[in-house]
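A quick write-up on the structure given underneath.
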Amino acid sequence: MRWSILLKHRSLRLERDQRSDTLNPTDLLFGGMEKLGPGGDVHTLHVLRFLPKHQFDVVVDAGCGKGRQTIALAKGLRTLVHAVDSYEPFLNDLTRRARDAGIEHLVQTHCMDMKDIPDAFPHIDLLWSEGAAYNIGFPNALTTWAHAMDPGAFAVVSELSWLRERVPDAVRDFFSTGYADMRSMQQNMTIAENAGYTVLGTYTIPTEAWVDGYYEVLEPRAKALMRHPDSSVRELAVDTIKEIEIFECSKDSYGYVFYVLGIAA
Ligand SMILES: C[S@@+](CC[C@H](N)C(=O)[O-])C[C@H]1O[C@@H](n2cnc3c(N)ncnc32)[C@H](O)[C@@H]1O
């Protein structure tokens with residue numbers, strides 16, 4: 001998952017975690033964290049300000065996770081945000097934190113598959129998704145969600161993307177198994193256009209956003225978990241350390257890019 005970039009591995013783990021009450025490597029690593037990927041409210045709000053309008057009737061946050069950005073959006077827009085995720089414990093966490101923030105009336109959770117968003121929300125005017133679209137394939141997500149977008153609607157979707165042509169070998173090798181589907185920004189913009197959107201802009205989160213409140217928290221936790229008695233926990237810890245090492249030698253060759261998309265009015 002994009003709480004890490006080791007997508008397939010983490011997806012498999014999540015499936016297993018949902019069946020297990022006792023063994024949950026994901027919670028051991030991410031417990032107590034408000035976010036499952038890099039970036040913070042400052043980046044969410046920066047992109048939100050980029051939109052030409054700020055009043056929306058139906059706002060959906062697809063793959064909201066624990067909802068760090070859901071709460072930022074709800075506060076920023078003062079509008080109900082429908083928070084969609086397929087993992088109920090994350091939604092429970094979000095509900096609790098929305099209550100603590102005094103905005104429970106602005107957050108409604110929906111435990112469902114993000115591929116079914118058009119059935120549940122056929123008239124969206126703002127679709128937001130941070131680091132989650134890849135779960136159903138970035139091209140497929142954009143095409144699927146386009147069916148739910150009203151004329152004049154916006155979609156803001158972040159996706160791990162190649163930023164440069166020159167990529168260190170170790171980074172290329174890592175992603176050949178970690179996220180073989182990663183594309184360049186240009187390729188992703190073409191995908192968006194082919195799915196019926198106009199690309200209004202892009203925003204790449206700064207390098208330090210991967211560290212602040214994210215890798216700086218995960219790294220010591222992962223190091224401690226490398227001695228855990230359960231092998232799946234140790235495996236997750238090793239993967240996480242490897243991911244951080246790759247990030248450190250990446251030379252900004254990849255990054256998280258927000259694609260700000262519009263549907264013609
Ligand atoms: C990397 S996390 C990102 C969460 C959040 N947007 C953030 O940036 O912190 C990806 C999220 O997508 C959710 N997810 C994965 N597959 C999904 C699906 N098919 N439908 C809905 N949610 C899904 C996971 O449960 C997880 O919360």
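The values are calculated or read from the model by the stated rules, or taken from the named source; none is laboratory data. Quantities reported herein were computed from a predicted structural model and do not represent experimental measurements. Methodologically, a virtual Cβ is constructed for each residue, glycine included, from the backbone with ideal geometry; neighbour enumeration extends over all protein chains shown.
Side notes on the structure shown:
- Subset of region 174-195 (residues that are of a type in the set (Gly, Ala, Ser), surrounded by fewer than 15 Cβ atoms within 10 Å (Cβ to Cβ) and in a loop (DSSP other than H, G, I, E, B)): ALA180
- Those residues of region 32-54 which are assigned to a loop (DSSP other than H, G, I, E, B), more than 8 Å from the ligand (Cβ to nearest atom) and among the aliphatic types (A, V, I, L, M), in sequence order: MET33, LEU51
- Residues being surrounded by fewer than 18 Cβ atoms within 10 Å (Cβ to Cβ), touching a strand residue (DSSP E or B) at 6+ places or on another chain (Cβ under 7 Å) and at negative phi are entirely absent from region 213-236.
- Of the residues making up region 236-265, those that are touching a residue at least 40 places away in the same chain (Cβ under 8 Å) and part of a helix (DSSP H, G or I) are LEU236, ALA237, ASP239, THR240, LYS242, GLU243, ILE246.
- Scanning region 113-145 for residues being more than 20 Å from SER158 (Cα to Cα) and either in contact with a helix residue (DSSP H, G or I) (Cβ under 9 Å, 6 or more places away or on another chain) or among the aliphatic types (A, V, I, L, M) (or both) gives a total of 1.
- VAL84 within 14 Å of the ligand (Cβ to nearest atom), over 21 Å from GLY31 (Cβ atoms), touching a Leu at 6+ places or on another chain (Cβ under 6 Å) and assigned to a strand (DSSP E or B): no
- Checklist (1) assigned to a helix (DSSP H, G or I); (2) polar (S, T, N, Q); (3) at pLDDT 95 or above applied to THR202, failing item: (1)
- Residue match in region 215-222 (condition: in a loop (DSSP other than H, G, I, E, B) and of a type outside the set (Lys, Arg)): no
- Matching residues in region 111-155 - criterion: being under 27 Å from GLY178 (Cβ atoms) and away from the ligand (no atom under 11 Å from the Cβ): LEU127, PHE138, PRO139, LEU142, THR143, TRP145, ALA155
Residues checked against (1) surrounded by 20 or more Cβ atoms within 10 Å (Cβ to Cβ); (2) within 22 Å of ILE263 (Cβ to Cβ); (3) in contact with a Ser or Thr (Cβ under 8 Å, 6 or more places away or on another chain); (4) modelled with pLDDT of 95 or more:
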{"site": "LEU45", "(1), (2), (3), (4)": "no, no, no, yes"}
{"site": "LEU51", "(1), (2), (3), (4)": "no, yes, no, yes"}
{"site": "GLN69", "(1), (2), (3), (4)": "yes, yes, yes, yes"}
{"site": "ALA83", "(1), (2), (3), (4)": "yes, yes, yes, yes"}
{"site": "ARG97", "(1), (2), (3), (4)": "no, no, no, yes"}
{"site": "GLN108", "(1), (2), (3), (4)": "no, no, no, yes"}
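- A single entry from ASP57, ASP93 fulfils the requirement of being at pLDDT below 95, more than 9 Å from the ligand (Cβ to nearest atom) and more than 12 Å from the chain's Cα centre (by Cα): ASP93.
- Residue ID - nearest to the chain's Cα centre (by Cα), chosen from residues in region 138-155 that are assigned to a helix (DSSP H, G or I) and among the aliphatic types (A, V, I, L, M): ALA141
- Filter pass, VAL233 being touching a residue at least 24 places away in the same chain (Cβ under 8 Å) and either under 22 Å from the mean Cα position of the chain (by Cα) or assigned to a helix (DSSP H, G or I) (or both): yes
- Test: residue in region 130-137 that is surrounded by fewer than 24 Cβ atoms within 10 Å (Cβ to Cβ) and part of a strand (DSSP E or B): no
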